[in-house]
Structures are given as structure tokens and as C-alpha cells.
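Colleague: Dumping the structure here so I can ask a few things about it.
The values are calculated or read from the model by the stated rules, or taken from the named source; none is laboratory data. For clarity, every value in this text was computed on a predicted model and none was experimentally measured. Neighbour counts run over all protein chains shown; Cβ positions are idealised from the backbone, glycine included. Quick note on the areas: whole protein, heavy atoms, side chains included, nothing else; ligands and nucleic acids left out. Shrake-Rupley method; radii C 1.70, N 1.55, O 1.52, S 1.80 Å.
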Amino acid sequence: MKKKEAMPALLAAILCVFMLAACTDVDTDPNPATGDAGAITLEFDNIVGDKNLVLGGGSSTNGAGEDFVLTKFNYYISNIKLLRQDGTYYTVPQDSSYFLIMEDKKESQLVKLNNVPYATYTGLEFMVGVDSARNTMPIEKRTGVLDPGGSMMEDGMYWAWNSGYIFMKMEGTSSKATSANGKFYYHIGLFGGYDIKTVNNTRVVKLGFNNLQANVTKDDAPEVHIFADVLKFFKGPGTNVSIKEYTSIMSQQPEKSKEVADNYAQMFNVDHIH
Amino acid sequence: MSAPFKGNFVLITRHFTNALAALFLIFFGLACQKDQEPVEPVSTGPTPIAWTKPKHFPDPVYDMSRNPLTEEGVELGRFLFYDGILSRTNQIGCGTCHQQEAAFTHHGHELSHGVDDLLGTRNSPAVQNMAWNTSFFWDGGVHDLDLLPFNPIQNPVEMDETVKNVITKLQATPLPTAKKAVDYPQMFKKAFGTEEITSERMMKALSQFMLTMVSAESRYDYYKMGDQSALNADEKQGMALFQAKCSSCHAGELFTDYSFRNNGLVPLRIDDKGRFGISANNADLYKFKVPSLRNVGLTAPYMHDGRFHTLEEVLDHYSDSIKPSATLDSVFIRQGEKPGITLSDAEKKSIIAFLRSLNDEQFIRNAKLSDPGVGTNF
């Protein structure tokens, strides 16, 4: 009865997922052996080029040659899959696959995955943002970092007037910002729309471990160290963001936000595993 | 006059439910799974309320199986709805801008004022028949009743508070300084089994209360249910005119098709672009939700910005003042004439007489929907 207009699209999407899963059943392993499972940690380490990111720290220069200092940097990582050496995937159960990475909360940057089947992993896949389906789910499916009234609210990672999560939020100061307070604001969200079509700024990131491996065993709980480079948020395949030209990018500039999403899809890489 | 909705909220006692469930189990066993709701044989817990759809209404949109109504849940929702504790200043409740005597609108206010008298940009819409809404707010930015309250609570000119902080404040009740010392942890326990307060529980309680805000007992409804004398000749004439000239948008028993349309209002200074703010699609520029007309005689002022104070002004707009624009709704286009709805003065009078028959006096006087003593009206 509910969601009349979105229903066919949703059904189609679900069907597609099932069909896809049916066609490539080596791709996912929804029922990993629970007896032989360990842990792996993904560390999301935010950097600016070759420097560590420090909120309110020293000034950096973006791809447009503009100075900037970040004051806030948060983003959602979700729908994590780990690639085994044999080409199959371990998919983290969806309900426990949402993480909010916050630059000012060190513990949020360490994504610990438990119940990971013993195996040698050579890559991973995750979504930047919160998938469209979750964006339309009832409130009981929005717990933890997805709670629209929970801890997230302090950081405002949810648009209450236009139901939907903000996938990546970057704020900072720049001498080039045209705002009254000298700050720039990039709040990138939009999941495709509930009953109208909007841009979809969720991005799936696939990262190989290059020549490295993560062996999850009884004794080994490896840590995959991932860099997220702020400079690539500004300049990438989507656009070269000028703070002067775009001091604010939020929900009202969907095309621009899409370009930024194409950038953040490319800002991650695996640096090392320990 | 008949009273077709007398038993709108029938209380089913647990004993009766349990006895019924036991009977079913005995006679049909597990084979009968089709329309048998599992009933927990618990001896304590909230008392279920059977929510009954008015006979002439369509099926509700809200999925009540996810949030079954209970006496205690609705009562908690009623307190939360009226309590200013939801705002940063502890002064502004939902009921401040949604007052029962005005069918839960802010009577006399073109725009509403929230914390510190800060003004909003839109006219406060009626909180009624929420179970049938496909979306909420003038721009339809929220599509789930359970997610609605986050918006006014965190809007800086409405309640300017975070739900997280509201929960912290609720946990600290009862407060001796409050105008009425309400023990919220105890109320959450009664409604949900434990004292734990979460945003899910808070929103579900608010939804439960709002789902009981059903307006379906106007004179029009009595007429609809078979009482020919419920409307006079002029009102019946107005109804026929309304159906011919207004019901393409204000359709059905809820008097809205829940669509978004540009009805030719000249944008005011803030240039509110309506639905465009949600879709960022030029085709949605200046479109706003078609509001329900139930209780429209009680909900002045009108339009998304409250610019018209009387129904006469509203109909004059539709007959004479529609502003042409790229997204103006095609329903107003007239061959060889400027856009508008063709209405004579006499026709307008009849239509307004009919619209006033949609006033639901029982709804605005229903004690079960009224302020339990925690609210503020400004």
C-alpha cells in the first residue's frame, strides 16, 4: 500500500539483485561458516596529499590553487565486501555494514569486522554513502550511526526536511570562500529520490590489495590501512572544485554534487596491511 | 442524524483477544495461518487499540502492522505532541503551531513563529488524517510519518533542538520545575515495555497519536453515509459545483490527490520554489502539495505562505488572479482566455457553503486529541 510509486522500481531493483546473484553465484557467500571466522579491521586514514589531515591545522592547497583548512570531515562507508584469493566475496551482513567515519573521532576510523570467515583476502569493495534501499527503510531499520536522532545528529548527517542521509560532509575555511564567514560547505547526499528521480551519489569503491594479502586466521586479525585523500575530493575524474566558484555544494546543486561524488569514488586506496 | 463512526476506536480487551486466539489455536491449530495475527499471551503490557477506517475512506497508507496502536502508546504520543520539551527553549510543542480548535493549524498565523519568535517561511499545515498521507510538508520532502518529527524539531526557526537532546531531557523527567511533572521513562515503559527512550520509540509514539487524528465526522460525512438532510440545498449545489470545478486536484474523500502543482500564485519576496527544493527539477518550480480541504473552514489563512485570509479570497484567486508561468498547472488553461477557473459570484458562495460543511466539530472538540496540560499556545 505504501510507497505506491516507488514500489515498481524497488521491486525491479530487488529482482535485479536476485537475478544478478543467481547468475553469478560464485560472487557472494551469504552463509559463511561461523565456526571458522575471525576479524579484520579497515582503517580509514584521511590524508591531504602526502600529509596527515589535521582539522583546523596547517593550510593546504587544492587542485584549483586555493588555500584551505578543513574543520569537519565525515562520511559513511557501507555495504562492505571482502574479496577472497579464489575470486569469491565475503559480504558483511547488511544490517551491520554501516559505518560513519569522522575525522574528529579516532575510534570511528577503525572499522572492525567480526565473523569474517578464515581466508586469504586480496581486495575489498564498499559503498561511499548509504544505499537507496536503506534511505527508504522504516525507522526501526535506522539504528546506530543511521539513527536520524542519534549521535549523528550532532554532525548533521541527515536531511530531516528532505529525508535522506548526507554521504560525505566536508567543511573548512579558505581565503577564497565567498561566504560571509569565510567557510565552505560541501554536503553531498541524494540517493536517487523516493517518489521523484534525483541524482544518486552513492558510489561503490573497489580496491585491490595490490600484491598484498590479508590472512584472516585463528591467530591473525589483519588491519587494512586505507588512505582517503582530501586533495582527490577536490580534484578527480568528476571535477576540479574551486572553492571560490563553489563555496557551498549541497542538495540544491545536484549536478555539481554528482561530479564531486565521481571524485570521492576515486579518493581511496589501500596503502598497506598489517 | 446517524452516527456512523461512533465506534471509531474500539478497545479490545486482552482477555477477549487471548480467548479468541486460544479458540483459534484449538480449532484450527497451526494450519490456519492466513489471517490470524499472532497474539502474545502476555498478562501485562500495553492495551491494543483497534484502529477503524471510516467506511468511505480509502485504505490507509501508513503500515500499522509495524507500529500497532496501543492505549499507552497513543497517550505517550499525545503528551509528546503537546510538550514544549521537544524544543530548545522547552516552550514550543507540536501543538503550539498545530492547535486543535483550528484543526491542528496555527490559526491567525500566516507564518508560524517557533523558538524565540523566529518566523518560518510556510503556513503550518493541518495535522489530520495523517494515515493517508503519501508525503508530508508543502514540498513533500518527507515520505514516512515516523520520520516527520525530526524536521520541525531540528529546524532552527521551529524547535531548534536535536532529537538526541530531547531524549536526554525526557530521561531526566519528572522535573519538579515543569508545569506538569510528567514521568516519561514510566510512560515509555508502559507503552513499550521498558524505560528505554530511543528515537524509534519516540517517533512511533508520536505517529500512534497522529494516526488517531482522524477527521471523518463532518456534516458532509453524514451526508455521504446516507443522511440526505445533513447538507442543505445550497451546500448540495456547492458540492456539485465543487465536483465539477475543483475535484480534479482536491479529489476523493480526503479532498486531495496528494500531487504537487503550481496554482499560479505570484512568488513572494523569498521566492519559495516549493517542490523544486526537493527534486531540483525545473519542472517542479513553484509546485506545492495540493492540501486536503477537510476542515478548510477552520484552517485560515490559506496557501503555503498563508497569503489569503478568507475562502472568498482563495476563490477570487482561482477565478481572476492566476499568474501564468512555465509550470502553471494545465488544469487552469482556458481556450482564448487568461488562465483560471470560471466561477460566478453565486457559484463561489455555494462552493464556500459546501466547503464549510467539511468542518468537523467533533474532531476539534475530541478530548482524546486535546492538550493533557503540558502544552503552550501562542
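Colleague: Summed for both chains, how many Å² of accessible area, to the nearest 100, are buried between B and A with a 1.4 Å probe?
Modeller: Chains B and A together bury roughly 2600 Å² of accessible area.
Colleague: Using θ = phi - 60° and the Karplus form 6.51 cos²θ - 1.76 cosθ + 1.60, what ³J(HN,Hα) does each residue of the stretch A:174-180 get, whole Hz, x for Gly and Pro?
Modeller: Those phi angles translate into 7, 5, 8, 5, 9, 6, 4 Hz.
Colleague: Further question on the same structure: Taking a probe of 1.4 Å, how large is the accessible area per residue of the stretch A:6-273, in Å²?
Modeller: 43 Å²
Colleague: Just name one of A:88, A:115, A:146: the one whose Cα is farthest towards the positive end of the charge dipole of the stretch A:6-273 (beta-carbon charges, Lys/Arg +1, Asp/Glu -1).
Modeller: A:146
Colleague: With N residues in the stretch B:103-182, what two-decimal value do you get for its Cα radius of gyration over 2.2 N^0.38 Å?
Modeller: After normalising by residue count via 2.2 N^0.38 Å, the value is 1.25.
Colleague: Turning to a different aspect of this structure: How many percent of the accessible area of the stretch A:6-273 is carbon or sulfur, using a 1.4 Å probe?
Modeller: Accessible surface attributable to carbon and sulfur in the stretch A:6-273 totals 54 percent.
Colleague: In the stretch B:50-75, which residues give up 30 Å² or more of accessible area once the other protein chains are added, compared with their chain alone (1.4 Å probe)?
Modeller: B:61, B:66
Colleague: So what is the diffusion coefficient of chain B in µm² per second by Stokes-Einstein at 20 °C and 1.002 mPa s, using a Kirkwood Rh over Cα pairs?
Modeller: It comes out at roughly 96 µm²/s.
Colleague: Taking amide H atoms as placed 1.01 Å from N in the peptide plane, list the residues 5 or more away in sequence, or in a different chain, whose amide H sits under 5 Å from that of residue A:47.
Modeller: Close amide H contacts, sequence-distant or interchain: A:53, A:228, A:229, A:230.
Colleague: log10 I(q)/I(0), Debye, Cα-only the stretch A:6-273, no solvent, q = 0.07, 0.08, 0.11 Å⁻¹?
Modeller: Rounded to two decimals, the profile gives -0.26, -0.33, -0.64.
Colleague: Test of understanding: in a Gaussian network model of chain A with alpha carbons linked when under 10 Å, which of A:212, A:83, A:146 would top the mean-square fluctuation ranking?
Modeller: In the Gaussian network model the winner is A:212.
Colleague: Along the charge dipole of the protein assembly as shown, Cβ charges K/R +1 and D/E -1, which of A:269, A:174, B:363 sits furthest on the positive end?
Modeller: Towards the positive end, the residue furthest out is B:363.
Colleague: Shifting gears a bit: Quick one: what are the phi-derived ³J(HN,Hα) couplings along the stretch B:289-298, Karplus 6.51/-1.76/1.60 with θ = phi - 60°, whole Hz, x for glycine and proline?
Modeller: Listing the rounded values in order: 4, 6, x, 4, 9, 4, 6, 4, x, 10 Hz.
Colleague: With charges set only on the Cβ (+1 for Lys and Arg, -1 for Asp and Glu), what does the dipole of the protein assembly as shown come to about its Cα centre, in debye to the nearest 20?
Modeller: Result for the protein assembly as shown is approximately 880 debye, rounded to the nearest 20.
Colleague: Another question, if that's okay. Tell me, what HN-Hα J-couplings in whole Hz come from the Karplus equation 6.51 cos²θ - 1.76 cosθ + 1.60 at θ = phi - 60° for each residue of the stretch A:213-229, using x for Gly and Pro?
Modeller: Using θ = phi - 60°, the values come out as 9, 10, 9, 8, 9, 4, 9, 10, 10, x, 10, 9, 9, 10, 9, 10, 9 Hz.
Colleague: Residue B:196 accessible area, nearest 10 Å², 1.4 Å probe?
Modeller: Spelled out: residue B:196, probe radius 1.4 Å, area about 110 Å².
Colleague: Then there's this: Of all accessible surface on the stretch B:222-359 at a 1.4 Å probe, what whole percent is carbon and sulfur?
Modeller: The C+S portion of the solvent-accessible surface of the stretch B:222-359 is 53 percent.
Colleague: Then there is this: As a test question: what accessible area, to the nearest 10 Å², does residue A:271 have when a 1.4 Å probe is rolled over all protein chains in place?
Modeller: Surface open to solvent at residue A:271 totals about 70 Å².
Colleague: I need the Debye-formula profile for the protein assembly as shown: one equal scatterer per C-alpha, no solvent, reported as log10 I(q)/I(0) at q = 0.05, 0.07, 0.08 1/Å, two decimals.
Modeller: -0.28, -0.55, -0.71
Colleague: For the full complex of protein chains and a 1.4 angstrom probe, list B:360, B:371 by accessible area with the highest value first.
Modeller: The ordering from most to least exposed comes out as B:371, B:360.
Colleague: Once amide H atoms are built 1.01 Å from N in the peptide plane, which residues 5 or more positions from residue A:166, or in another chain, come under 5 Å H to H?
Modeller: A:158, A:159
Colleague: Still on this structure, I have one more. Considering only protein heavy atoms, with the full assembly of protein chains and a 1.4 angstrom probe, order A:206, B:169 by accessible area, largest first.
Modeller: Largest to smallest exposure gives the sequence A:206, B:169.
Colleague: Can you bin every Cα-Cα distance in the stretch A:87-235 into 10 Å intervals starting at zero and give me the percent of pairs per bin, rounded to whole numbers?
Modeller: Each 10 Å bin holds this share of Cα pairs: 9, 33, 34, 19, 4, 0.
Colleague: While we're looking at this one, here's another question. Have a look at the stretch B:40-145 and give its Rg and Dmax from the Cα atoms, expressed in angstrom.
Modeller: Every Cα atom of the stretch B:40-145 included, Rg and Dmax give 16.3, 51 Å.
Colleague: Once amide H atoms are placed 1.01 Å from N in the peptide plane, what residues at a sequence separation of 5 or more from residue B:274, or on another chain, have their amide H within under 5 Å of its amide H?
Modeller: B:286
Colleague: Then there's this: For the stretch B:132-154, state which residues have at least 50 Å² less accessible area in the presence of all protein chains than in their chain by itself, taking the probe as 1.4 Å and leaving out ligands, DNA and RNA.
Modeller: B:143, B:147, B:150, B:154
Colleague: Here's another thing I want to ask about it. How much net charge surrounds residue B:285 when only the other residues with a Cβ under 9 Å from the Cβ of residue B:285 are counted, with Lys and Arg +1 and Asp and Glu -1?
Modeller: +2
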